[in-house]
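First the structure, in the form of structure tokens, and then the observations on it.
The values are calculated or read from the model by the stated rules, or taken from the named source; none is laboratory data. Everything numeric here is computed off the predicted structure, so don't read it as measured data. Here the Cβ is made from the backbone with ideal geometry for all residues, glycine too, and neighbour counts use every protein chain on show. Please note that ligands, DNA and RNA were not included when accessible areas were found on the heavy atoms of the full protein model with its side chains. Shrake-Rupley method; radii C 1.70, N 1.55, O 1.52, S 1.80 Å.
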Amino acid sequence: MEAPHSPAAETAVSHRAVESAEEMRELGRRLAKLLRPGDLVMLTGELGAGKTTLTRGLGEGLGVRGAVTSPTFVIARVHPSLTGGPALVHVDAYRLGGGLDEMEDLDLDVSLPDSVVVVEWGDGKVEDLSDDRLHVVIHRITGRAGEALGDGTADGAPGDDGPGADRREVTLSGYGGRWADVDLSGV
């Protein structure tokens, strides 16, 4: 999946392999250390890629209240900070068909200055909320160097619980001045 077209220039990029759900949560915890009030984080990846797992790690790293679960049916959940830091606003825009007009009903622009807003499935819907944003693309890696396993299933395919089944490639791309001096390679 490609990053959406945007007037904000990409200023920081990092790629990494993630081997398990626990590693995805740990990535979220490390990434949380870089986040501050007003940050917009867009998560892109197919169903089951690990977007909510990463957000769970972000919540742990930010020290927020409540279990971070997928907000698919409620669209958005607010997790207040337990540590005096920013709240986590977790949005799942999967069921929202419109662009920013439909997102405006959620008042994300009001929440953004004081919170960290994480939007799953936000491509083409929330880019106009801020020129400064972090776009996280999670791609499931299937197959070993593109090869199928002997039984005809690719490593990591549905139903495959073998080694590498949870393997993901994660790309972090910072856009705008907020991310210009942030080193994403150490996350």
Considering residues that are open to solvent by 60 Å² or more (accessible area, probe 1.4 Å) and out of contact with any Asp or Glu (no Cβ under 9 Å at 6 or more places or on another chain), the number found within segment 23-43 is 4
Taking segment 60-76 and the residues there that are in contact with a strand residue (DSSP E or B) (Cβ under 7 Å, 6 or more places away or on another chain) and modelled with pLDDT under 85, the one that is farthest from residue 116 (Cα to Cα) would be 72
By residue number, the members of segment 29-73 that are closer than 16 Å to residue 83 by Cβ and free of Cβ contacts under 8 Å to residues at least 24 places away in the same chain are 63, 65, 66, 68
For segment 44-53, check the following and say yes or no: at least one residue is touching a helix residue (DSSP H, G or I) at 6+ places or on another chain (Cβ under 8 Å), more than 14 Å from residue 121 (Cα to Cα) and open to solvent by 50 Å² or more (accessible area, probe 1.4 Å).
no
Checked segment 10-21 for anything touching an Asp or Glu at 6+ places or on another chain (Cβ under 9 Å) and either in a helix (DSSP H, G or I) or open to solvent by 50 Å² or more (accessible area, probe 1.4 Å) (or both); matches are 11, 15, 17, 19, 21
Q.
Quick check on residue 3: is it open to solvent by less than 50 Å² (accessible area, probe 1.4 Å), among the small types (Gly, Ala, Ser), modelled with pLDDT under 90 and part of a strand (DSSP E or B)?
A. no
